[in-house]
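Trainee: Take this structure first; my questions come after.
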Amino acid sequence: MWRPESPYNDLPDLPPKVEVETRSVLKQVAEARASLAALDQAARRIPNPTVLLNALPLLEAQASSEIENIVTTADELFTADQLDADGSRPEAKEALRYRQALVNGVASVRRRPLSTSTVIDLCSTIQAREMRLRDLPGTFVGNPTTRQPVYTPPEGSRLIAERLDAWSHFLHTSRDLDPLVVMALSHYQFEAIHPFSDGNGRTGRIVNILVLIDRGLVSQPILYLSRYIIERRAEYYRLLLAVTAEGAWEEWTLFMLEGVRSTALSTIEKIDDIQAVHDSVQSELRSALPSGANADLLDVLFEQPYCRIGTVMARCGVSRPTATKWLKLLVDAGVLRTIRVGKHSLYLNTRFLDVLTRAERVPEPPPTTLR
């Protein structure tokens, strides 16, 4: 019998002993899959995929860190990334480590199956130190003011290792369940195991996209659920607890599937708006710059919303005076804005940054009837 104040050492392995793919769940699976397919097609329309692969993971890093009350702004992160985090606040550096863990995780899952060692590597990168599975008792999940426990995860490194091995086995053997359902179930399980002393939430959110890549539902890491979770944080934690306390798997799975559907659709809208800004800036570059201006400059302006003179020199193969002249002409034409960060001059593609950092336009969920 589960009790919030006692370690949940009897946490059942997956799959659950109840039907998960109910009629409501399968209907939502179909809608989420259609949205993912549309997202994949939208991503292919971007001529330079680095535009998405650089910017969107950094926004995910910001959102995922915010869930853990590590607060930084997207503007601060893009600036720190351009300056290699020199002089950045610890919060920005921590969010940048999340992005690095994400990049490493995608590379890892393309080489070998997701496993316990994968999540240890992810958490170690996020925390900037070698992480081990929890081996000390007393992990507290609850109200920090009243010290009222809500949930106590399993204890003991050996037991945690066994639970993680069973978790990864489920990921790779559950071929009778849809991969989106597998993602939802495995996310709960990872959070319930709570294998590390810190960094569990951020590690688990990276695992979500790795599962989808591993199972072939997305080809690139551009679908991130952290902003969806932030906007529904109370519901997210309520549903996690409801699975533990009541076995409410259907409601939890529907919540995660709706996250995939709505996030995919809002990301498509963002991609379309990025493409519109890209086309507009391309036209303005032709008008503002000499006819011999290097075509690589447009890629530089959209791979990050900020750029430096040195970046233009390296990517475009031009001298400092030429790179400086191009950027100044674009500032004069209102395409870019220049800012000073310490001793550095950065050139900001304001319209691109505005699209990246605007509030998500989340589509309304379709009506769903629980069976």
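Trainee: Take the eigenvalues of the Cα gyration tensor for the chain, scale each by 5, and report the square roots as semi-axes in whole Å, largest first. Numbers along the way, then the final one.
Mentor: Numbers: eigenvalues 335, 107, 59 Å².
One finds semi-axes of 41, 23, 17 Å for the chain.
Trainee: Summing Lys, Arg as +1 and Asp, Glu as -1, what charge do residues with Cβ under 15 Å from the Cβ of L164 carry, L164 excluded?
Mentor: Values: positive: R132, R134, R158, R163; negative: D13, D121, D135, E155, E162, D165, E191.
That sum, taken over residues with Cβ under 15 Å, equals -3.
Trainee: Moving on. At a Förster radius of 25 Å, what calculated FRET efficiency corresponds to the Cβ-Cβ distance of R340 and I230, to the nearest 0.05? It would help to have the intermediate numbers written out before the result.
Mentor: Numbers: r = 32 Å, r/R0 = 1.26.
Efficiency for this residue pair is about 0.20.
Trainee: Okay, moving on. Give the peptides 157-165, 169-177 in descending order of average Cβ contacts within 10 Å, highest first. Let's see the in-between values first.
Mentor: Values: 157-165: 16.2, 169-177: 14.3.
Ranking the peptides 157-165, 169-177 by packing returns 157-165, 169-177.
Trainee: Of A43, A359, A323, whose Cα points farthest to the positive end of the dipole of the chain (charges on the beta-carbon: +1 Lys, Arg; -1 Asp, Glu; origin at the Cα centre)?
Mentor: About the Cα centre, the residue reaching furthest to the positive side is A323.
Trainee: Could you sort 199-205, 240-246 so that the peptide with the highest average Cβ count within 10 Å comes first and the rest follow in order? Could the numbers behind the result be given before it?
Mentor: On the way: 199-205: 23.6, 240-246: 16.0.
Ranking, from highest mean packing down: 199-205, 240-246.
Trainee: I need the peptides 184-192, 274-282 ranked by packing, meaning the mean over residues of other C-beta atoms within 10 angstrom, with the highest value on top.
Mentor: On the way: 184-192: 22.6, 274-282: 16.3.
Most protected by this proxy first, the peptides run 184-192, 274-282.
Trainee: Could you count how many Lys pairs in the chain have their Cα atoms under 22 Å apart, skipping same-chain pairs fewer than 8 positions apart?
Mentor: Here the count comes out as 4.
Trainee: Kindly write out, for segment 252-263 in residue order, the coupling ³J(HN,Hα) from the Karplus curve 6.51 cos²θ - 1.76 cosθ + 1.60 (θ = phi - 60°), rounded to whole Hz, with x marking Gly and Pro.
Mentor: The phi angles translate into 4, 5, 4, 4, 5, 5, 5, x, 5, 4, 5, 5 Hz.
Values quoted throughout were computed directly from the atomic coordinates according to the rules given, and no laboratory measurement underlies them. Remember, it's a predicted structure, so these values are computed and weren't measured experimentally. All Cβ positions, even for glycine, are placed from backbone atoms using ideal geometry, and neighbour counts span all protein chains on display.
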